[in-house]
Amino acid sequence: MFKFSVNGQILSGRQVLSALDVTVKTGETHCLLGPSGSGKTTLLNLMAGLQKQNSQPYSEGKDSADTLWGPAKPDIGYLFQQPRLLPWRTVLQNLLLVEPDKHIVIDFLKEVRLEEYVNYYPSEISLGMARRIALVRCLLLKPDLVLMDEPLTSLDLPTAREMRGLIKRLICDDPTRSMIYVTHDLDEVLELGDSVSIIGGSPSKIIYENSVEDVSRQELEDLLEH
Amino acid sequence: MNTGRLLDQVLAIFALVVLWWLVSVLVSSPLLPTPAEVGFALNKEWQQDRLMESLGVTLQRVAISFVFAMLIGGIIGVLMGRYKLLNRVLDPILVILLNIPALVVIILLYIWFGLIEVAAVAAVIINKLPNVAVTLREGGRMFDHELEELAVMYRFTFKQKLCDVWWPQLFPYIMIATRSGLALIWKIVLVVELLGRSDGVGFQLHLAFQVFDVATILAYSIAFISVVQFIEWFILQPLDRRASRWQKGSSSV
């Protein structure tokens, strides 16, 4: 189990987040829903340890933030909203930075059917492909917890569907791997999530939390509208 | 280098030589020798081994000054770009260094330390260093924040950050500093040699100046410009092309 206690966050003199807790059980996918500008990415950055001063992580079996955010092998893999591949390195070079064993990298690329693009630069592949490469890079860390920030944004429907299938197969269906998935798309919540939180208000706080099985689409729509 | 581009540049140089030849024939004065006369002077210096020896000495000074100016100026510039406090402290010093005339630095160092090699090279480094720092400071400021976060999240080692994240972002700025650096440094080296050394191209120019031997002055100038052009064509431009391969979208999906 992972638990993140956030003490609030101020950006440019404005409090964007109140104090809040986010918990995800082992093997569970927890979706964070909220309107644009509600601080979802800020919250994810805090949980990732990119801004350490205002949050405190807890992980079952791990003793402190030093373990979770420490310099050794990370327990957290972060899939950013944009792929953030190094544009001056080929697909293979980008992945070898994370996993030096070429065979492991190629095996992962086969999983996402991109093994033919190893020598391409990011500018030579589509956004959907770059997102899949970024997913591979994240999984090469073998993280216990994956943080995803709207990974399907700007993708066309078939590509988004394919990417969603990959995320479900490689992360959601893995009983040892937890995920916190930020989105504003209800379809993604209902297909991928085990539990859901909605953040909203000003400053943002958790206004609703439930298991996906116990909530209807209509209920989520109503909550988001208000 | 691309053959078409090389041909364009050769044609431009050829046109310049033709223009020079026409003007020199029209003027018909020993103060503006024809290209042929400059060619003879060049050949004479070559035959007497002075040309290669002088070029070698000057190039050595250019190389040493260039390496130190790029290294020290580059590190200071990048750190100033990254750390606001350091920038606030060093910026006034940088502005002063940028505005001190090159000649003043050269004369002062010769007066303080004597007409020695170290003073000569140090004068060139001090003249070039602030330009490098200013250029690389911009590079340091333009580091992509998102890639910094990526490097943190994926636990890049210092070597990976240096070679794969920072260096490629700095490379265009390093090339700008290199090009302007070479152009500036060799000019300053000639002044340094003219004022206080007894060898090198600058010293030969000094000797030629005393007897108004314009053909020899132009011969040495052309020889040195050729060397710098050679560096541009066969070292800098291939480096540029190699580093910008990733920007080409020739096989876009």
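Please work out the C-alpha center-to-center distance from the range B:201-249 to the range B:1-49 and express it in whole Å.
Cα centroid of the range B:201-249 versus Cα centroid of the range B:1-49: 14 Å apart.
Just A:Val196, A:Val24, A:Val118 to compare: in a GNM of chain A, with alpha carbon springs under 10 Å, which one fluctuates most?
Top of the fluctuation ranking is A:Val118.
If I compute solvent accessible area with a 1.4 Å probe over the protein chains, what percent of it on the range B:57-252 is carbon and sulfur?
72
How much length is gained if the chain between B:Asp8 and B:Trp167 is pulled fully straight, taking 0.36 nm per residue apart and subtracting their Cα-Cα distance, in nm to one decimal?
54.0 nm
Distance between the C-alpha centers of the range A:1-45 and the range B:128-193? Whole Å please.
37
Please work out the FRET efficiency for the pair B:Leu26 and B:Trp46, using the Cβ-Cβ distance as r and a Förster radius of 22 Å; give the result to the nearest 0.05.
0.15
If you line up the long axis of helix B:167-196 against the longest principal axis of chain B, both from Cα atoms, how many degrees apart are they, to the nearest 10?
Tilt of helix B:167-196: around 30 degrees.
Rounding to the nearest 10 and keeping the result within 0 to 90°, find how far the Cα-based axis of helix B:117-141 lies from the longest principal axis of chain B.
On a 0 to 90 degree scale, this one is about 40.
Would you work out which of B:Leu129, B:Leu195, B:Pro172 lies farthest towards the positive end of the dipole of chain B? Charges go on Cβ: Lys and Arg +1, Asp and Glu -1.
Result: B:Pro172.
Taking the Cα centre as origin and putting +1 on Lys and Arg beta-carbons and -1 on Asp and Glu beta-carbons, what dipole magnitude results for chain A, to the nearest 20 debye?
The calculation lands at about 820 debye.
Could you give me the percent of Cα pairs per 10 Å distance bin for the range A:151-198, shortest bin first, beginning at zero and ending with the bin that holds the maximum distance?
That works out to 24, 59, 16, 0, in percent per bin.
If you put +1 on each Lys and Arg Cβ and -1 on each Asp and Glu Cβ, how big is the dipole of chain B around its Cα centre, in Debye rounded to 20?
700
Select from B:Phe234, B:Phe143, B:Phe68 the residue whose mean-square fluctuation is largest in a Gaussian network model of chain B (Cα-Cα springs shorter than 10 Å).
B:Phe234
Can you figure out the FRET efficiency of A:Met1 with B:Val89, using R₀ = 45 Å and their beta-carbon distance, to the nearest 0.05?
Approximately 0.40, to the nearest 0.05.
Helix-derived [θ] at 222 nm for chain B: sum -39500 (n - 2.57) over DSSP H runs of at least 4, divide by residue count, nearest 500?
That calculation yields -26500 deg cm²/dmol at 222 nm.
Calculate the dipole size of the range A:95-217 relative to its Cα centre from +1 charges on Lys and Arg beta carbons and -1 charges on Asp and Glu beta carbons; express the result in debye to the nearest 20. List each step's numbers first, then the result.
On the way: 14 positive and 22 negative charges, 42 e Å.
It comes to approximately 200 debye.
For the pair B and A, how large is the buried accessible area, both sides, in square angstrom to the nearest 100, if the probe is 1.4 Å? Show your work: numbers first, answer last.
Details: alone 15550 and 10970 Å², together 24100 Å².
Counting both chains, the buried surface is close to 2400 Å².
Of B:Gly39, B:Gly81, B:Gly140, which is the most mobile in a GNM of chain B whose springs link Cα atoms less than 10 angstrom apart?
Maximum fluctuation in the GNM of chain B, among the listed residues, is at B:Gly39.
Angle, helix B:84-99 long axis vs. longest principal axis of chain B, Cα atoms, 0 to 90°, nearest 10?
Helix B:84-99 sits at roughly 10 degrees to that axis.
How many Å² of accessible area per residue for the range B:57-252, probe 1.4 Å?
51
Give the relative contact order (percent, whole number) for chain A; include only Cα pairs under 8 Å separated by 6+ residues.
Worked out over chain A, it gives 29 percent.
Could you work out the relative contact order of the range B:57-252? I mean the mean sequence separation of Cα pairs under 8 Å and 6+ apart, divided by the number of residues, in percent.
Computed value for the range B:57-252: 26 percent relative contact order.
Give me a single rounded figure for A:118-128: the average over its residues of other chain Cβ atoms within 10 Å of their Cβ.
Taking the mean over all residues of the peptide, I get 3.
Please compute, for the alpha-carbon atoms of the protein assembly as shown, the extent along each of the three principal axes and give them in descending order in Å.
Principal-axis extents of the Cα atoms in the protein assembly as shown, largest first: 99, 49, 40 Å.
Indicate the gyration tensor shape class of the range B:57-252 (rounded, prolate or oblate), computed on the Cα atoms with a ≥ b ≥ c the square roots of the eigenvalues: a/c under 1.5 is rounded; otherwise a/b larger than b/c is prolate and the rest oblate.
Here the range B:57-252 falls in the oblate category.
Which FRET efficiency, nearest 0.05, do A:Ala19 and A:Gln218 yield, Cβ-Cβ r, R0 41 Å?
0.85
On the accessible surface of chain A, probed at 1.4 Å, how many percent belong to carbon and sulfur atoms?
48
The values are calculated or read from the model by the stated rules, or taken from the named source; none is laboratory data. Keep in mind that what you see is a predicted model, and the values were worked out from it rather than measured. All Cβ positions, even for glycine, are placed from backbone atoms using ideal geometry, and neighbour counts span all protein chains on display. For the accessible areas, the whole protein counts, side chains as well, though only heavy atoms, and no ligand, DNA or RNA atoms are used. Shrake-Rupley method; radii C 1.70, N 1.55, O 1.52, S 1.80 Å.
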